[in-house]
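Computed from the coordinates by the stated procedures, all read-outs in this text should not be read as laboratory data. Only a predicted model underlies this, so the values are computations on that prediction, with no experimental measurement involved. Glycine gets a Cβ as well: all are built from the backbone with ideal geometry, and neighbour counts include every protein chain shown.
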Amino acid sequence: MPTERDRGGAERMSRRDVARWWTLDYVYAAVRQLATLGRIVRPKPPAAWSRGDPERPTLLLLAGVYEHWSFLRPIGDALAARGHRVRVVHGLGANLLDIGETARRALRALERAQVPAAGWIIVAHSKGGLVGKRMLLAEAAQRVRLRGVVAIATPFGGSRLARFVLDPVLREFDPGSPTIVELANGASVNAHIVSVFGTFDPHVPEGSALDGATNVQVPVAGHFRILAAPETLDAVVDGVERLSVSTNVG
């Protein structure tokens, strides 16, 4: 499995290929959002998510912007089926708060919960990966035994596309924004991050490779469709296992 970003992938694609991947990506996202809407009336995670091995780290799911936690339900179901306990933070809605505030709320939730003997590992998509890194940089990370983050399609260096949107929620991803610059400077925790990304991401043209992290490229294109790929699940499981034997942050 490749471990470095295919920097020229997007450039080698034809415009037709790029348009096709954009279309397929949004079709997948739309289907998942419709499934999410159908579950909003009962937003409790499945009971099976709490039945995993207590000797393993507990996994915390963090979704991306405009995503309810149940957007990641296929990932949670698959990880629970592999014997992991899976948790979510209620009250984050569609993840529209800024990255710093979201990280603070998630950490407060972990501090209120019983700290697992084997600690926590965050499994996140897109913005959720940035929130996870901000949590790793916080003083509370050691108190809650946070081991690391497995991030899928996360714009660690931002996305230049954010400069062309008016929505302030998305403008936070501008590579020059204070948040992205601050996180980029926080390289001390990069060794506790596994970054999983595809061959082409229409939302993150810069790619998701992160210096000092474990970078894993899977043979899948898309920002959302990557979540459903078996190769992604395998990479996430491998990432969780890697972080499970590492020391806690700090």
request  = May I ask you to evaluate 6.51 cos²θ - 1.76 cosθ + 1.60, the Karplus curve with θ = phi - 60°, for each residue of the stretch 180-191 and list the ³J(HN,Hα) values in order in whole Hz, giving x for glycine and proline?
outcome  = 5, 5, 4, 5, 4, 6, x, 6, 5, 9, 4, 5
ask   = Which order, highest average first, do 210-223, 103-116 follow once you tally other Cβ atoms within 10 Å for each residue and take the mean per peptide?
value = 210-223, 103-116
key: Cα-based Rg / Dmax (Å) for the stretch 9-244   = 16.6, 51
task = For the stretch 170-228 and the stretch 44-58, write down the distance between their C-alpha centroids in whole Å.
result = 27 Å
request  = Consider a paramagnetic label point 7 Å from the Cα of SER244 along Cα→Cβ; state which residues of the stretch 110-146 have an amide N under 13 Å from it.
outcome  = 118-121
